[in-house]
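Structure record follows, encoded as structure tokens.
The values are calculated or read from the model by the stated rules, or taken from the named source; none is laboratory data. A quick note: this is a predicted structure, and the numbers were derived from the prediction, not measured. Positions of Cβ are generated from backbone atoms using ideal geometry, with glycine treated the same way; all protein chains shown enter the neighbour counts. Calculation scope for accessible area: heavy atoms of the full protein, side chains included, ligands and nucleic acids excluded. Shrake-Rupley method; radii C 1.70, N 1.55, O 1.52, S 1.80 Å.
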Amino acid sequence: MPTLPTTDESSTLPLRGALPYLLIFAGLFFVNFASRVILGPFLPMIEIEFGISHTQAGGLFLPISLGMSISMVLSSIAARLLRHRGAILLSTFAIGLTMIAVSRAPNMPLLRLYLLLMGMAGGLYFPSAISAITSILEHRHWGKGLAVHELAPNAAFIVIPALGAILAEVVSWRTVFAGFGVLGLCMGVLFIIKGRGGEQRGQTPSPAMIFQEVLLRPAFWGLALLFSLAIAASFGPYSMLSLYLIDEVHMDVERANMVLMASRMAGPLVALTSGIIVDRIGARATAALSLGLTGTLTACLGLFSDWGLIAAAIGQPILAVCFFPAGLTAVSLAFPDRVRNIAVSFIVPVAVLLGSGLTPPALGWFGDRGDFAGGFVWLGVLITAGVLPLKFMRFSKRD
């Protein structure tokens, strides 16, 4: 992942002037993030069409996460060869084409291959997008500009389940994938015509720096574990909740996806206020509360029924989001400036692979045994246990 660039202030824009370009970036990120989460609401339809088990259905997230992890690690090479703008365009057009390919997959082996390629396409975007956004925006507006960009994944978490509720009984999942593929191609064309930023080249770190100053530090593996648990808490229930509600709780498809959508409605507000919570009570306390309460509510997904289950489904992702500002604070203290971006570019892929790649098939394994509820309970226990290693991590300069 590239460092934030040193920009020429004479060529940057104030927030109002940069807003049209920021909205284009938000549109690109919306398509990018949608490619990672679109499977969840449509897993019941995919299961029926291919005749696969819950474990196999959950396992479809693994090639996406694996591809994304690989390409994020290699993203600096693409940014160096193509410049950040070229890496963004490659990612966006490749997502569009691979989503169309997924929509036409005739069997499971090809479906997994296309999902792997889709994940690899998606992983190239984020590091270059951050560099491109900060290159066009005045330094004093970076935070606000990145907040506009971050509205995209929160919107995707709401829009995708809504589409599942509206379209599940109307069109095939293949049509939805193809539609998003076309949208991705259109966004790529829009970025070529109207987009701005990303003309600088990325920098590739040396292998010696990666190993000596990042991978060999104990803090790297501790933070990778904590971020894995946080992503598992955020993504695991989202990916399999619809299947659980339909298969074991016996909700109809529309209501299950409406619950999934409602569980993410507070996401944009929480994303904007979680930093205030960190400033108010401290990063360590925020991380502990987030993991502890999120783990408890994850277990409640398996322990409760009716309105208690719905309340747990809505509260659980709200608390999960609060971990990330605290976790990034720990990263900033654990690694010096010169390698901090490299540390993030390796911590995130490891966490994505473990948290979003392995959690859905693990929950599906429980579902195949008629015990989805037990899977959520065990996941909740594991997330809550993440509070224990927090005392060994640095969350303030006094630690």
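Go through the range 93-149 and give me each residue that's under 16 Å from Phe177 (Cα atoms), within 17 Å of the chain's Cα centre (by Cα) and among the small types (Gly, Ala, Ser).
Gly119, Ala121, Gly122
Please determine whether any residue of the range 130-151 is under 15 Å from Val31 (Cβ atoms), small (Gly, Ala, Ser) and touching a residue at least 60 places away in the same chain (Cβ under 8 Å).
Looking through the range 130-151, none of the residues is under 15 Å from Val31 (Cβ atoms), small (Gly, Ala, Ser) and touching a residue at least 60 places away in the same chain (Cβ under 8 Å).
Just wondering, is there one or more residues in the range 60-75 that are touching a residue at least 24 places away in the same chain (Cβ under 8 Å) and on the phi > 0 side of the Ramachandran plot?
There is no residue in the range 60-75 that is touching a residue at least 24 places away in the same chain (Cβ under 8 Å) and on the phi > 0 side of the Ramachandran plot.
Give the range 343-365 a look and list any residue that's farther than 16 Å from Ser228 by Cα and surrounded by fewer than 24 Cβ atoms within 10 Å (Cβ to Cβ), or say none.
Residues of the range 343-365 farther than 16 Å from Ser228 by Cα: 364-365.
Hit for the range 343-365 is Trp365, nothing else.
Conditions (1) modelled with pLDDT under 95; (2) farther than 17 Å from Phe30 by Cβ; (3) exposed (fewer than 14 other Cβ atoms within 10 Å of the Cβ), marked per residue:
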residue: Leu183; (1), (2), (3): no, no, no
residue: Met187; (1), (2), (3): no, no, no
residue: Leu190; (1), (2), (3): no, no, no
residue: Gly198; (1), (2), (3): yes, yes, no
residue: Pro207; (1), (2), (3): yes, yes, yes
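Go through the range 322-342 and count every residue that is open to solvent by 30 Å² or more (accessible area, probe 1.4 Å), of a type outside the set (Ser, Thr, Tyr) and in contact with a Lys or Arg (Cβ under 8 Å, 6 or more places away or on another chain).
Residues flagged as open to solvent by 30 Å² or more (accessible area, probe 1.4 Å), of a type outside the set (Ser, Thr, Tyr) and in contact with a Lys or Arg (Cβ under 8 Å, 6 or more places away or on another chain) within the range 322-342 amount to 1.
Please determine whether any residue of the range 165-185 is of a type outside the set (A, V, I, L, M), in a helix (DSSP H, G or I) and closer than 19 Å to Ile314 by Cβ. Talk me through it step by step, then tell me what you get.
Looking only at the range 165-185, we keep the residues that are of a type outside the set (A, V, I, L, M), and these are 169, 172-175, 177, 179-181, 184.
From what is left, the residues that are in a helix (DSSP H, G or I) are 173-175, 177, 179-181, 184.
Right, trim to closer than 19 Å to Ile314 by Cβ and you get none.
No: zero hits.
Output yes when any residue across the range 6-14 is part of a helix (DSSP H, G or I), among the acidic types (Asp, Glu) and in contact with an Asp or Glu (Cβ under 8 Å, 6 or more places away or on another chain), and no when none is. Can you show your working first?
We begin by selecting, within the range 6-14, every residue part of a helix (DSSP H, G or I); these are 9-11.
Going one step further and asking which of them are among the acidic types (Asp, Glu), we end up with 9.
Now narrow it down to the ones that are in contact with an Asp or Glu (Cβ under 8 Å, 6 or more places away or on another chain): 9.
Within the range 6-14, one or more residues are part of a helix (DSSP H, G or I), among the acidic types (Asp, Glu) and in contact with an Asp or Glu (Cβ under 8 Å, 6 or more places away or on another chain).
Rundown of residues vs (1) at pLDDT 95 or above; (2) closer than 22 Å to Ala57 by Cβ, yes/no style:
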{"residue": "Ile70", "(1), (2)": "no, no"}
{"residue": "Ala79", "(1), (2)": "no, no"}
{"residue": "Arg83", "(1), (2)": "no, no"}
{"residue": "Leu90", "(1), (2)": "yes, no"}
{"residue": "Met99", "(1), (2)": "yes, yes"}
{"residue": "Val102", "(1), (2)": "yes, yes"}
{"residue": "Pro109", "(1), (2)": "yes, yes"}
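Determine, yes or no, whether Ile158 is in a helix (DSSP H, G or I) and open to solvent by 40 Å² or more (accessible area, probe 1.4 Å).
Working: in a helix (DSSP H, G or I): yes; open to solvent by 40 Å² or more (accessible area, probe 1.4 Å): no.
For Ile158, the condition - in a helix (DSSP H, G or I) and open to solvent by 40 Å² or more (accessible area, probe 1.4 Å) - is not met.
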